[in-house]
């Protein structure tokens, strides 16, 4: 079946299913486990001294939501806080650090995000190695540290020291845990987003903050009950009970098998043979309200490939799928190291991942499905640091049939990529489009496609092809932004924006892209053509901004480099009434096989001075030098 008819059939089936079952009618429920505590910088939870909190080998962990990360903000402490502490775990200007009563401080590498939940942990083993973990990923290590000095000082959550009573935490905190072992990365990942029973081996104290009221903060693992403030009396030192939105619901995939969950909805990702597969994790995530997180911890090194025999279940809840949690994987620098691959060879005409709103997909290699990632009526998603349509090395094309990312219907404010290199996607080798945004009765609006490599390999210097109907194809969407991407080596247009009478493409922005060169901007790596407005007989494109808006702010960076393409640099289809008010300004356009800018997509035409122009963009005349 030709791809255009296949696409129409897909849209028709989707609209029929949407009328039968509309997920937007279901209530949105917040993630979280019970309650949390909110600290204002002076609040604290007081825990009387107990010798079992004097461990020299330990793990401290907690979920934190800081609203202020300047200077010192204490998470847990034991000591006076006046020049010394038995132990002190805090953040300094957003970076985790640990003090064990002997200088120097030991510090992590990464700034903890502001106004967001993060899981923080620090371990110290018998050899004196201190390791920090941010969201289950190692974030710095120090060897040869001194052991904490045992003392009789009290233990505090959210404040430093019994005497100092300073450097208080500002924000929310949940699920504070103390262990008398240095937990491994896999152990931290396995339980960081799950509530504990309190009977886990080596768990000394566990304050889950789920009481929701009263002055007592119960230790679910031992006898170290705490008190809001310093006493049982209500005071201004008391943190406030709040409903928790911490992501205390996650599943750790430990097998590439394809079996489903043995008992979906019981909160445990386990097949009949007690494995957590990706299929089982998705089934459990769909059965749980709120946002769930899917991590990976598969034994063995190298790339781990999932080959499902049928489609994975479509997501019905928000989810974070994070392939960078697989030991050895990383998106910290470009090129990334990606170790989780989804191979659709045996899955039939299935999308790899069908995502619902407020979700994140990070650190995956997805190839040989119908679509790599499919968003329909799905908003506020983040797709970052993935290889879509290539192998795990990013050097060979293994394309998805239709698109790497396919966005349709009311899908708003999705971000494909991001400003940081750690967010960049490689999207290449896919059949019809690398990224498609299509209006099938309702429009995908205000989406951002930023800083991706589209059509090349991971080096940005070799064409992997694909994109037979446009590398980025946008039909009938409004207010979408295509920013700072490398778009080269594609079979057809680098960017194709079109619409019809009922679905006008309006107010879209194309800025700062390299279109037709390699990543250096100096070597040609052309597309079929550069940018096309109104292709395939759909000339309803209006108010497009290609290049700078001329406001004097970042004008040079806003212009596109459009060079080395086989056909035109920029082409606008002929229509005097519908393909209008499109601004193409201050771009660098040269070295293309046909015209730099072709109004009407009909080759060079003579100027027609002093008449009422009609045609695409009103057939603006080109300048003629009459004297130098």
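What follows draws every value from the coordinates through simple rules; no lab data is involved. Computed from a predicted structure; not experimentally measured. Positions of Cβ are generated from backbone atoms using ideal geometry, with glycine treated the same way; all protein chains shown enter the neighbour counts.
Key figures
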| item | result |
| --- | --- |
| Residue 149-residue 459 pseudo-label distance in nm [points 7 Å out on the Cα-to-Cβ vector] | 5.7 |
| Extended-chain gain in nm, criterion 0.36 nm per residue less alpha-carbon gap, residue 396 and residue 555 | 53.6 nm |
| Sum of -39500 (n - 2.57) over DSSP H runs of 4+, divided by residues of the chain (222 nm, nearest 500) | -2000 deg cm²/dmol |
| FRET efficiency for residue 126 and residue 199, using Cβ-Cβ distance with R0 set to 22 Å, rounded to 0.05 | 0.35 |
| Whether segment 503-599 is rounded, prolate or oblate, judged on the alpha carbon gyration tensor where a/c under 1.5 counts as rounded | oblate |
| Helix 3-20 axis, angle to the chain major axis (alpha carbon atoms, nearest 10°) | 50 |
| Inter-label distance for residue 215 and residue 519, nm, one decimal - labels placed 7 Å from Cα along Cα-to-Cβ | 6.1 |
| Structure-derived Cα extents along the principal axes in Å - corresponding label in (i) 91, 61, 43; (ii) 75, 75, 53; (iii) 79, 79, 53 | (i) |
| The chain - share of DSSP beta bridges that are antiparallel (%, nearest 5) | 45 |
| Nearest 10 degrees, 0 to 90: helix 278-287 Cα axis against the chain principal axis | 80 |
| Theoretical gain in end-to-end length, residue 275 to residue 240 [0.36 nm per residue, Cα-Cα removed] | 8.6 nm |
| Three-way shape call for segment 133-191 based on the alpha-carbon gyration tensor, with the a/c threshold at 1.5 | oblate |
| Ordering of 35-41, 109-115 by packing [mean C-beta count within 10 Å, highest first] | 35-41, 109-115 |
| Per-pair calculated FRET efficiency, R0 = 35 Å: residue 574 and residue 410 via Cβ, rounded to 0.05 | 0.65 |
| Gained length - residue 223 relative to residue 590, 0.36 nm times residue gap less alpha-carbon distance | 124.7 nm |
| Separation of the residue 71 and residue 233 label points, Cα + 7 Å toward Cβ, nm | 2.8 |
| Ordering of 187-195, 469-477 by burial proxy (mean other Cβ atoms within 10 Å per residue, highest first) | 469-477, 187-195 |
| Segment 249-468: translational diffusion in µm²/s, Stokes-Einstein, Kirkwood Rh over Cα pairs, 37 °C, 0.692 mPa s | 194 |
| Global geometry of segment 35-243, whether rounded, prolate or oblate, following the gyration tensor of its Cα atoms and the 1.5 cut on a/c | rounded |
| Euclidean distance between Cα centres, segment 430-454 to segment 206-244, Å | 48 |
| Segments 449-461, 222-234 sorted - mean Cβ within 10 Å per residue, highest first | 449-461, 222-234 |
